[in-house]
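Heads up: the structure comes next, in structure tokens.
The values are calculated or read from the model by the stated rules, or taken from the named source; none is laboratory data. Just so you know, these numbers come straight off a predicted model, no measurement behind them. We place every Cβ from the backbone using ideal geometry, glycine too, and count neighbours over all the protein chains shown. Only protein heavy atoms, including side chains, enter the accessible area calculation; ligands, DNA and RNA are left aside. Shrake-Rupley method; radii C 1.70, N 1.55, O 1.52, S 1.80 Å.
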Amino acid sequence: MPTVIFRSPDGTAHQVTAASGTVLMQAALAHGVPGIVAECGGNASCATCHVYIDPAQTGPVGPPNDVEDEMLDFTAAERRPTSRLSCQIRLSDTLDGLVVHLPEEQV
């Protein structure tokens, strides 16, 4: 099962282990990670599960699809090259050790 570390803006780390196939947003919500709102429930239509993938790990995560890329223009916090919607990332064993940074705000 992959383990993901969510880093809050203040540097606090929240370590989450979830089964392969779990959506990153769902893993965060199930473990009470603060800073993930997910108003739309994972439909890529609200951008309130915005995260920054650690720059060294963007390759294994892959790029956003066209719908996600468009939604990333509506995030409350600054969009960066490593921005992703956590509802669009499905965990796998290749993402074990993934570090995700949470933005200052979601709405």
(message) Return the residues of segment 13-32 that are farther than 14 Å from Thr94 by Cα and open to solvent by 20 Å² or more (accessible area, probe 1.4 Å); say none if nothing qualifies.
(response) Ala13, His14, Gln15, Gln26, Leu29, Ala30, His31, Gly32
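Within segment 1-57, how many residues are polar (S, T, N, Q) and in a loop (DSSP other than H, G, I, E, B)? Give the steps one after another, and end with the answer.
First pass over segment 1-57, keeping only residues polar (S, T, N, Q): 3, 8, 12, 15, 17, 20, 22, 26, 43, 45, 48, 57.
Still in the list and also in a loop (DSSP other than H, G, I, E, B): 8, 12, 20, 22, 43, 45, 48.
The qualifying residues number 7.
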(message) Tell me yes or no: at least one residue of segment 55-66 is touching a Cys at 6+ places or on another chain (Cβ under 8 Å), modelled with pLDDT of 95 or more and surrounded by 13 or more Cβ atoms within 10 Å (Cβ to Cβ).
(response) no
(message) I'm told Gly97 meets every condition in (1) at positive phi; (2) buried (at least 18 other Cβ atoms within 10 Å of the Cβ) except one. Can you identify the failing condition by its number?
(response) (2)
(message) Need the failing condition index for Gln106 against (1) open to solvent by less than 10 Å² (accessible area, probe 1.4 Å); (2) at pLDDT below 95, just the number.
(response) (1)
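Among the residues of segment 33-53, which ones are open to solvent by less than 60 Å² (accessible area, probe 1.4 Å) and either more than 18 Å from Glu68 (Cβ to Cβ) or among the aromatic types (Phe, Trp, Tyr) (or both)?
First pass over segment 33-53, keeping only residues open to solvent by less than 60 Å² (accessible area, probe 1.4 Å): 33, 35-36, 38, 40-42, 44, 46-53.
The answer is Val33, Gly35, Tyr52.
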(message) Condition first: at pLDDT 95 or above, of a type outside the set (Ser, Thr, Tyr) and part of a strand (DSSP E or B). Can you find one or more residues in segment 71-83 that meet it?
(response) no
